[in-house]
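Here is the structure we will look at, set down as structure tokens.
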Amino acid sequence: VKILAASGWALDARMWKLLHGPLSPHVLEAHAAHEIGRRAKELSAAAVPFLLLGYSLGAFLSFPLLELPGARGGVFCALAESFVHSEANPAGAPRETLLELKAGLSVDAPALLADFYRRCFKPQSVMAEALPLEPANDVPLLSAGLDTLLGADLRAQRPAKPVVLLHGALDRILAVEGARHMATTRGYELVEVPGCGHALPITA
């Protein structure tokens, strides 16, 4: 089985490297979040079946791809029906936080990302080997990713494919309550990992 993995915001495909061995003989094909749609459509058009594995931004971009005929199901880490706080999503991240990130990218992107990584990995330490080589310099790409999260809304999308949600119980970027709501209202399986934060796919 081919597994298409999509990374999170400000992380590149290297975040999945620890999974290549454990998932063998299945083929793990890792991509940056913004590349996952193109690749999934290519495989679907070629009648190649695949599973989706998405994390955070990559999960929000991967989930709608379950509608493709080639998609057989998916595992999504740090996902909810929407990312930002609203009346419908009281556990979401504050919209102001994402807007501040967008503004800060053009001022001092490296410092902003260093702070983001600390929050992302808490309560564990930052694993430097999982961090990107280039995206820190690609402010337009990072800004576009934040725009995607600001507008993400999966409430109307209910694909009839198997779905498993994974979430760190101590996630400080996107609280686990959003995943609980999504799992309960849709009948998805939810695996909460105790002691882990937002960087769950890397730290656990």
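Note on Asp147: accessible area is roughly 80 Å² with a 1.4 Å probe, heavy atoms of protein only. Charge tally around Val126: other residues with Cβ under 13 Å, Lys/Arg +1 each, Asp/Glu -1 each, net +1. Averaging the sequence gap over all C-alpha pairs within less than 8 Å and six or more residues apart, then dividing by the number of residues, gives segment 76-204 a relative contact order of 37 percent.
The mean sequence separation of alpha-carbon pairs under 8 Å and at least six residues apart, normalised by the residue count of segment 11-128, gives a relative contact order of 15 percent.
The alpha-carbon of Lys122 sits under 14 angstrom from the alpha-carbons of these aspartates and glutamates, leaving out residues fewer than 8 places away in its chain: Asp171. Per-residue accessible area (protein heavy atoms, 1.4 Å probe) orders Arg158, Arg95 as Arg158, Arg95, starting from the largest. A value for Rg/Rh (Cα atoms, Kirkwood Rh) was derived from the coordinates, and within the list (1) 0.94; (2) 1.31; (3) 0.98 it appears as (1).
Rounded to whole Å, give me the distance from the Cα center of segment 95-133 to that of segment 1-56. The two parts, judged by their Cα centres, are 23 Å apart. Note on Ala47 and Ala160: the extension gain reaches 38.8 nm, defined as 0.36 nm multiplied by sequence separation minus the Cα-Cα distance. For segment 58-149, the normalised intensity computed at q = 0.10, 0.16, 0.26 Å⁻¹ comes to -0.33, -0.83, -1.37 (log10 of I(q)/I(0), Debye sum over alpha carbons, equal scatterers, no solvent). For segment 179-193, 3J(HN,Hα) computed residue by residue from phi via the Karplus equation (6.51, -1.76, 1.60; θ = phi - 60°) reads 5, 4, 4, 4, 5, 5, 6, 10, x, 7, 7, 10, 10, 9, 9 Hz, glycine and proline entered as x. Backbone amide hydrogens, once placed in the peptide plane, bring Cys77 within less than 5 Å of Gly54, Tyr55, Ser56, Leu166, excluding anything fewer than 5 places away on its chain. Here Lys161 is the anchor, and the lysines within straight C-alpha reach of less than 30 Å, apart from those fewer than 8 places off in the same chain, are Lys2, Lys17, Lys41. Taking all protein chains together and rolling a 1.4 Å probe, Leu11 ends up with roughly 10 Å² accessible. Under 5 Å between amide hydrogens, built in the peptide plane, is the criterion, and for Trp9 it picks out Leu57, Gly58 among residues at least 5 positions away or on other chains.
The values are calculated or read from the model by the stated rules, or taken from the named source; none is laboratory data. Source: prediction; values computed, not measured. Using ideal geometry, Cβ is built from the backbone for each residue, glycine included, and neighbour counts are taken over all protein chains shown. With ligands, DNA and RNA removed, areas are computed over all heavy atoms of the protein, side chains included. Shrake-Rupley method; radii C 1.70, N 1.55, O 1.52, S 1.80 Å.
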